[in-house]
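Peer 1: Take this structure first; my questions come after.
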Amino acid sequence: MEAATFGGLSGLHWALLGAALAVIGGGSGSSMGITYVANVAGGILTDMPDRFGPLLPLVVIPGTQGIYGFITGVLVAFVMKPSSGWEALPGWVGFQIFLACLPVCFVCFVSGAYQGLTSAGAAGMVAKRREEMGRALVLPALVETYAVLSLIITILYFFVVIRPFYSTLGI
Amino acid sequence: MYRKYRLEVDPLKEQPSPQAEGRKLKKLPDYLRIDLGAIKPFHETLRYGHAVGRIRAQEMRLLMPHHVGRLIEADFQEALHILDEVEMGDYLAGASTAREVDDALIDYLHDVYEFLREALPKDSVLFEFFHCRYDFHNLKVLLKARLEGTGEEALLPRLGRIDVEVLRRGVENPLELPSPYKEVVVEVLEKEPSPPEAETVIDRHFLRYRLYLARREGSDFLLEFSRTSIDFANLKALLRARQLGKDREVFQRSLVEGGYIPVTYILEVYGDPEEVMMRKLEQTRYSSRLLEILGEGEEKPSLSDFDRKSDDYIMDMLRASRRISVGAEPVFAFVRARENEVTMVRMLLMAKLHNLAPEAIEKMLRKPYLE
Amino acid sequence: MPVARMSKVAILAPCERRDELIQRLYELGAVHVVNLPSQLGDELDEVARPCRPEARELRLALSRSDFLLDLLSRFEDKRGGLLGGFMQERVHLTYEEFIRVEREVDLEEVYRDLEEVDIQLRHAESRITEIRRNLEALHPWRGLAFPLADLARLRWCRVGLATMGLLSYAAWAEEMEAACPHSTWVELHREGERLYLAVLVHRESLDTYQALAQKYGLEEVSFLGLEGTPEEEIRRLEGELKEEEAVKEDLQSRIREKLPIKPKLLALNDYLRNLLLKEEVKENFLSTERVVAVEGWVEDSRREELLQGLADLGEELDVSFSPPEEGETPPTLLVNSRRVKPAESLINLFGLPHPAETDPTPFVAPFFILFFGMCIADVGYGAILALVTWLVQRKLDLSEAARRFFRLIMYCGVAAVVVGIFTRGWFGVESESLPSFLKFKGSLDVLMNPVPMMLICAGLGLLHISIGVAIEMYDNMRQNSIWLGFCEQGTTLLMWLGLAVMALGGGVKVKPVQTVGTILLAGGAAGVVFLSNISSKSVLGKFFGGLYNLYGLFGGTIGDVASYLRLYALGMATVAIGSVVNRMAGMVLGIPVLGIIGMVVILVGGHIFNLLINLLSAFVHPLRLQYVEFFGKFYEDGGEPFAPFALRTEKVVIDDR
């Protein structure tokens, strides 16, 4: 059973740690980001209640990072689970899963918060001119690029790098 | 990054002001604090986000250059109609004399401050930063009236935070007053100075109180603003003292500590001949602007335009701060814009009441902050 | 496809025909009027002046109708909900009815009525808040059975009403008893930590009392202008409150009575706006004593129509056309077929192209729709989206712009269905549990086998940016020379083509194809090095500039193509969340009886949530790909929108035009 643990933790432990970190990073980044925009949007709405429609997309746009974290968590739980059960997962593969989760965890945390700041600035644009909404929406989307890239890399690691070990190990 | 400053100048030995009591942030125990608040953009967005949002919504209703252009051409009644397009119009409706215009504008400004107080977080002293000017002004008027035994002129009763009655009682009995004002009155009454000296005492307290508030608020921008205004006050005092040939001790008393240019430096410069002084002053942080402000190419630095030009400098500072989308800067700039708006409209309407020609009016006006 | 060609039109007309001319131009709606006085500057000041519009009356009327509409809309029953916020009220009229509306509504009278009512209403409202405030202030003092007015009238003593904190009460009382023997107090009320006292003090010990009051934070309260006991006053005020509220109710109902004329007012508002438009257009004219001059832009294809329309205004009218001169930029008008037109709104969001540029709409439309489809990548969601947007178009009364937008989204929904068939996206149901006929050969399992889909995204990305560069090449060839176009952009295209062919060859493992690709790639790269900086003056500049371009291209291409991988990630996000929803619903099903209900709730709610979340990303990210990656290759904005002088309505829809 020596190969079953890595650094004292079993494969399941490592995998769960990674998944949890991804969800925590993405979720906290998003919630911070949304707080920042919502704060400004709330101020605008106090005086311009009719701007709710154009402001809503700006408020929810930092929420995607949370979803990326969530997706990572879900992928670990459902897709990375060996067909013969978690017990069969060796510790070192679990550690790989853990490493693969890290891009989402960190990038989504930081980009979520900063996207909130960008959106908060962009919300000011919408307050001034309703027609600016399209442009105002594109600016925060530039920040999100890196969250998307981190998700892509995490997925690539899962399926292209780690999954092949499963068949060699026969689990 | 915020609240890390230790006060270099003792702000005031006593407690800040009674209004500030009970407003202190309840802090989490240290082990629970994730100090994201220390990162400036995050901290400032959380703190001023709501206010900035409300301001962005209001900004559309500021006076625009096209309004001003039309206002210059219009007669009094037309001007009121044009002003109807912006928020101020509601207050000015039906005004026909100078007094009514003044009252209406004061009402308007009062509501602007009320709006600000509502929008800012409860523990923010930014609001006090604007208000204290009127309190000091009122205090100045009352003290002057007491020292000279003349009537109280140009009180601004509705704009200060402290009721004029309280101030009036306070002039007799300083201990009743809240903190910065208490010390002012005590100092003035102790020394029994001449009215102009009393004025410098009050101004000094005012500038230092604002510096204190800026530190308390923890905003770099406010701090820069306060220190710059202290510097300009000192420079102005320097120029005036040289023109009048005052004693060094007398001059020293009119200087305020806390600016970017140390007081000792200014004192050192004071004795120097003209060119040496100018050269030394150029080495300060205002070098590029100072020449312009002091009147470039002229034999002697002139005071005539000093106020206007230092104002321009500060306006430039504000204009640059417009690029910051969320923070204390937009709030500050907004209130300044509203204050300018009021000054400008007042000037315009008074000119209209006195039937001044449009060209003459145009010269008097300053640039508004939205361009 | 280039933007519409414009000609400059200059019209000279006798002054007395000015109004007729304006009316005719307005009806034709083909001319984008240019401000002539500002163009000429000070040159013609002596002879010709700009016409001064007389718009004050109109502006006044307009602001009155704005006020009325504002007032009425406050008393309307609002259509709630998210959709209600997006919808605008519209009035349908025929042109005849629209013209007649001014005679049907007496704005003056309605304004006078309602303004009066509004003032009274404000008055009543402020009275009500004042009374409420008084009532609240009086409330703690109800226990005092002593008329308030008499408190101040006592000769030897003073009765003060005061409040203080409970904590300092004991100390205060003790000191009071010691210091002011001739005093007494009653506790009237207690609220939380606050005490409400009536204090009777002899006038002689008033000073001590006040000093103590200060020390212990005792605050005196006074009720000026109130006579009777608090109880009586409260009763009186409550009576007044009822009255005022009745008045308010009455005034409000009077405003509501006027609600039926709101559509008419809306129409009138638009009508006045058009009158103002016709008046203000004069600002752009130049007039001498006899002649008025108008200048503007007109589409080439509408020149004849304009000539004919103006023909019967008389012989004196002089209309001449000329092509745009050097240095003049005509306004931009995009001309596209009905199918592509919906995507114009995406261009407008970015800013119209400079008139010398190519209109990118025909390229933006298909790629945007495809990318959107790839981001959703689910048959179920796509079908719902298409259906909902189709219904919205059919059932709701939308403006032309909104209708176009929904049509665009409908196409996107259809694209999502198509993509979903190939990526086995059926409401996020996992691949294993799908019936086998849906897993036909050629369809992909995006979740377990991501690489092919990523390659497809990268390929599409390469194609997309190639088209961008190709458009730039076309513009370059059209404006400069074919050779320059080839050197500067063609070499890049060649290199990318080589890359694509090489990758294809490597993929299908056909050696010759790969070789051809490598040769193309090398040729393209050499072309970039030696030719792309051909316009540089020195030989070294040509070479090193080219080398630098190659370096930039290398990094840029990787970055751009990687950016298109987001399409995969977003498509997969939809599937992943959808499958979680399904699993959760499956777990709930295990609960007896309630299980079915729970499952339905989770399925419906979860999938709607998923769709909404992904809709936003699916809109924003393809848009970003268009704006940043695609437009970055060629697009120059800076076009002024073509805004012909014509009938313009906001709230009114003219049915027969």
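So that you can scan it fast, the table gives a plain yes or no per residue for (1) under 13 Å from the mean Cα position of the chain (by Cα); (2) open to solvent by less than 30 Å² (accessible area, probe 1.4 Å); (3) away from chain B (no Cβ under 14 Å); (4) not acidic (Asp, Glu):
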| site | (1), (2), (3), (4) |
| --- | --- |
| A:Val23 | yes, no, yes, yes |
| A:Ser31 | yes, no, no, yes |
| A:Gly43 | no, yes, no, yes |
| A:Gly53 | no, yes, yes, yes |
| A:Leu58 | no, yes, no, yes |
| A:Gly69 | yes, yes, yes, yes |
| A:Val79 | no, yes, yes, yes |
| A:Gln96 | no, no, yes, yes |
| A:Val104 | yes, yes, yes, yes |
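Peer 1: Answer with yes or no whether C:Gly485 is open to solvent by less than 10 Å² (accessible area, probe 1.4 Å), of a type outside the set (Asp, Glu) and farther than 30 Å from A:Leu156 by Cα.
Peer 2: Yes, satisfied.
Peer 1: Name the helices (runs of 4 or more DSSP H) wholly within segment C:296-410 that hold at least 3 residues that are of a type in the set (Phe, Trp, Tyr) and touching a strand residue (DSSP E or B) at 6+ places or on another chain (Cβ under 8 Å)?
Peer 2: none
Peer 1: What number of residues within segment B:109-124 satisfy the criterion of being closer than 21 Å to B:Glu87 by Cα and either buried (at least 18 other Cβ atoms within 10 Å of the Cβ) or touching a His at 6+ places or on another chain (Cβ under 6 Å) (or both)?
Peer 2: 7
Peer 1: Something else now. One residue is enough: does segment C:424-444 have a residue meeting the conditions farther than 25 Å from C:Gly380 by Cβ and either within 14 Å of chain A (Cβ to nearest Cβ) or at pLDDT below 85 (or both)?
Peer 2: No: segment C:424-444 contains no residue that is farther than 25 Å from C:Gly380 by Cβ and either within 14 Å of chain A (Cβ to nearest Cβ) or at pLDDT below 85 (or both).
Peer 1: Next question. Quick test of your reading of the structure: A:Ala113 fulfils all but one of (1) under 18 Å from the mean Cα position of the chain (by Cα); (2) away from chain C (no Cβ under 13 Å); (3) within 30 Å of A:Asn39 (Cα to Cα); (4) open to solvent by 10 Å² or more (accessible area, probe 1.4 Å). Name the failing condition by number.
Peer 2: Result: A:Ala113 fails condition (4) only.
Peer 1: Shifting gears a bit: So which helices (runs of 4 or more DSSP H) stay within segment C:530-641 end to end and still have 1 or more residues that are out of contact with any helix residue (DSSP H, G or I) (no Cβ under 9 Å at 6 or more places or on another chain) and either outside the structural domain of C:Leu349 (by TED's automatic domain parsing) or within 30 Å of C:Thr332 (Cα to Cα) (or both)?
Peer 2: C:539-563
Peer 1: Could you grab me the full set of residues in segment C:402-441 that are in contact (Cβ under 8 Å) with a residue 24 or more places away in the chain and on the phi > 0 side of the Ramachandran plot?
Peer 2: Within segment C:402-441, C:Phe427, C:Gly428 meet the criteria.
Peer 1: Touching a helix residue (DSSP H, G or I) at 6+ places or on another chain (Cβ under 8 Å) and open to solvent by 60 Å² or more (accessible area, probe 1.4 Å): which single residue out of C:Arg153, C:Arg194 fits that description?
Peer 2: Every option except C:Arg194 fails the conditions.
Peer 1: Hey, any hits in segment A:74-81 for a residue that's assigned to a helix (DSSP H, G or I) and at pLDDT 90 or above?
Peer 2: yes
Peer 1: Same structure again: Condition first: open to solvent by 30 Å² or more (accessible area, probe 1.4 Å) and in a loop (DSSP other than H, G, I, E, B). Now tell me which residues in segment C:175-186 satisfy that.
Peer 2: C:Pro181, C:His182
Peer 1: For segment C:377-401, how many residues meet the condition of being open to solvent by less than 20 Å² (accessible area, probe 1.4 Å), among the aromatic types (Phe, Trp, Tyr) and free of Cβ contacts under 8 Å to residues at least 40 places away in the same chain?
Peer 2: Within segment C:377-401, residues that are open to solvent by less than 20 Å² (accessible area, probe 1.4 Å), among the aromatic types (Phe, Trp, Tyr) and free of Cβ contacts under 8 Å to residues at least 40 places away in the same chain number 0.
Peer 1: Return yes or no: is A:Ala100 at the interface with chain B (Cβ under 10 Å from one of its Cβ atoms) and either modelled with pLDDT of 90 or more or in contact with a strand residue (DSSP E or B) (Cβ under 8 Å, 6 or more places away or on another chain) (or both)?
Peer 2: No, not satisfied.
Peer 1: Also, quick follow-up: Name, by its number, the condition in (1) of a type outside the set (Val, Ile, Thr); (2) more than 39 Å from the chain's Cα centre (by Cα); (3) closer than 15 Å to C:Ala10 by Cα; (4) open to solvent by less than 60 Å² (accessible area, probe 1.4 Å) that does not hold for C:Gly239.
Peer 2: The one condition C:Gly239 does not meet is (3).
Peer 1: Something else: Could you list, in sequence order, the residues of segment C:625-649 that are among the aliphatic types (A, V, I, L, M) and surrounded by 14 or more Cβ atoms within 10 Å (Cβ to Cβ)?
Peer 2: C:Leu625, C:Val628, C:Ala646, C:Leu647 - these are the residues of segment C:625-649 that are among the aliphatic types (A, V, I, L, M) and surrounded by 14 or more Cβ atoms within 10 Å (Cβ to Cβ).
Peer 1: Any residue in segment C:187-205 that is assigned to a helix (DSSP H, G or I) and either touching a strand residue (DSSP E or B) at 6+ places or on another chain (Cβ under 9 Å) or at positive phi (or both)?
Peer 2: yes
Peer 1: Continuing with this model, one more query. Going through segment A:122-171 one residue at a time, which ones are without any contact (Cβ under 8 Å) to a residue 40 or more places away in the chain, more than 27 Å from B:Arg56 (Cβ to Cβ) and more than 23 Å from the chain's Cα centre (by Cα)?
Peer 2: Result: A:Pro164, A:Ser167, A:Thr168, A:Gly170.
Peer 1: Answer with yes or no whether B:Tyr260 is at pLDDT 80 or above, surrounded by fewer than 17 Cβ atoms within 10 Å (Cβ to Cβ) and under 30 Å from B:Pro41 (Cα atoms).
Peer 2: Spelling it out, B:Tyr260 is indeed at pLDDT 80 or above, surrounded by fewer than 17 Cβ atoms within 10 Å (Cβ to Cβ) and under 30 Å from B:Pro41 (Cα atoms).
The values are calculated or read from the model by the stated rules, or taken from the named source; none is laboratory data. Bear in mind the structure is a predicted one, so any value in this text is a computation, not a measurement. Note: ideal-geometry Cβ built from the backbone for every residue, glycine included; neighbour counts use all protein chains shown. Accessible surface areas use protein heavy atoms only, side chains included; no ligands, DNA or RNA. Shrake-Rupley method; radii C 1.70, N 1.55, O 1.52, S 1.80 Å.
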